[in-house]
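K.L.:
Pasting a structure below so you can have a look.
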Amino acid sequence: MTAYIGTIDTNLELNDGASDNWIKSGNSGDSSSGLDIYYYNKEFPATTFSDVLEGSSSMVEASDVSSLALGEYGIGDIDGVGKDTLYIRMSDDSDPDASDADTISIEQTAHYNLLNYLKTVLEAAGGVTQRYDTSTDNHELIIMLDGYGGTESIYIGFYCYQSVSSDYYNISVGTMKGYTSGNTWENQPGIVYNSFCCHNLAIDYWLSVNAARINGGLKVGTPVYEHFGAGNFLPFAPPSQYPQPLFNCATLVGAPATRYSDIYHYMGWRGGCNQFAIHKNDGNWHNSLCYRPFTSTGRPAEGTYAVLPIYIYDTAKNIYGELDGIYHITGFDNVVENTLVIDGDTYVVIQDVYRTGFDNYIALKLV
């Protein structure tokens, strides 16, 4: 399990000083001609960026990518890439990959950059990207994790949707039972999805990722705190009896046009709601209950806080397992973003959107 803590803003770097992200155009002449034009050979959001920066300076947009002047950029495809990408000519005619990290970057809304970062951390956990499409306004990601034993196929995905006029910038999180390349994101095999609110300017994040799932908490806007998770929970049965213990969790049901300031959305970790679902052996998704040992005050014993497991069950009192890395913690004399170390494990306390009651907190295990 790996934890990631930080802030996502509007800046997305396109060179890291090490990777080969740029290729010299075969249609831009040679070095002696002075046309050292390079194109970006990764997935590029050709329709959603707002600016291209060299250092802290904006590059100048040009219409003809085959004859860029120094410090210019353009969008096109003159090298048979198969889709439009970014072409640039550095102000000193150098190779962008030879420059210091973050010399070339673009500006776009923070929720797009969060999606790009989710791809990075999931791949670092062994995930294999099946689809990463930034060619439209609704960027999307589908990735496969291989589970704790390295032999599973756990498909999870993310999908950006937004409205500038209504000032919402959200991401749907999906859990799928398979992947079909010809299907749209929302029509993947056995998919269930819910959503969480993001922001266009800045998002603080706490992410916990392993080979079987991702859990996340976000600080957004005024602020409120958003939650999401997807992948496998910990079943109380062996793989032969429970082969797909999948779950999906967020703060919005489906993909509504909801801004983070909405007072009616809440974290799915509380259970018994449409924002939280598990996959059962009948092949269907069910909105299950989550047992949390809440009390009216939940006072810590002798000043010592405990993190308590959250069990997944149904109204017939069948218990299916427990959440992996999500725990109940009391809100009594507690505050959001508190960090605790218990028996060598580190947790961060996150509240339920804007709520601050005694039972409105979870502890997200980091490491």
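K.L.:
Would it be correct to say that residue 151 is over 15 Å from the mean Cα position of the chain (by Cα), surrounded by fewer than 20 Cβ atoms within 10 Å (Cβ to Cβ), farther than 23 Å from residue 212 by Cα and at pLDDT below 95?
P.N.:
For residue 151, the condition - over 15 Å from the mean Cα position of the chain (by Cα), surrounded by fewer than 20 Cβ atoms within 10 Å (Cβ to Cβ), farther than 23 Å from residue 212 by Cα and at pLDDT below 95 - is not met.
K.L.:
Further question on the same structure: For the stretch 92-141, what are the residues that are of a type in the set (S, T, N, Q) and part of a strand (DSSP E or B)?
P.N.:
105, 129, 130, listed by residue number.
K.L.:
So which of 170, 183, 194 ends up being under 17 Å from residue 139 (Cα atoms), out of contact with any Leu (no Cβ under 9 Å at 6 or more places or on another chain) and surrounded by 13 or more Cβ atoms within 10 Å (Cβ to Cβ)?
P.N.:
183
K.L.:
Here's a follow-up. In the stretch 351-367, what count of residues is obtained for those that are assigned to a strand (DSSP E or B) and either of a type in the set (Phe, Trp, Tyr) or over 22 Å from residue 213 (Cβ atoms) (or both)?
P.N.:
Going through the stretch 351-367 one residue at a time, the tally reaches 1.
K.L.:
Can you name every residue in the stretch 256-277 that is farther than 21 Å from residue 171 by Cβ and not in a loop (DSSP other than H, G, I, E, B)?
P.N.:
Once the filter is applied, which keeps residues that are farther than 21 Å from residue 171 by Cβ and not in a loop (DSSP other than H, G, I, E, B), the stretch 256-277 yields only 271.
K.L.:
Can you tell which of 277, 237 is surrounded by fewer than 17 Cβ atoms within 10 Å (Cβ to Cβ) and farther than 21 Å from residue 115 by Cβ?
P.N.:
Criteria check complete, one pass: 237.
K.L.:
From the list 174, 147, which residue is under 20 Å from residue 225 (Cα atoms) and of a type in the set (Gly, Ala, Ser)?
P.N.:
One residue alone meets the criteria, 174.
K.L.:
Scanning for something modelled with pLDDT under 95, assigned by TED's automatic domain parsing to the domain that holds residue 286, on the phi > 0 side of the Ramachandran plot and more than 16 Å from the chain's Cα centre (by Cα), does the stretch 215-235 turn up at least one residue?
P.N.:
Checked the stretch 215-235: at least one residue is modelled with pLDDT under 95, assigned by TED's automatic domain parsing to the domain that holds residue 286, on the phi > 0 side of the Ramachandran plot and more than 16 Å from the chain's Cα centre (by Cα).
The values are calculated or read from the model by the stated rules, or taken from the named source; none is laboratory data. Fair warning: this is a prediction, and the values are worked out from it, not measured in the lab. Note that each Cβ is placed from the backbone with ideal geometry, even for glycine, and that neighbours are counted across all protein chains shown.
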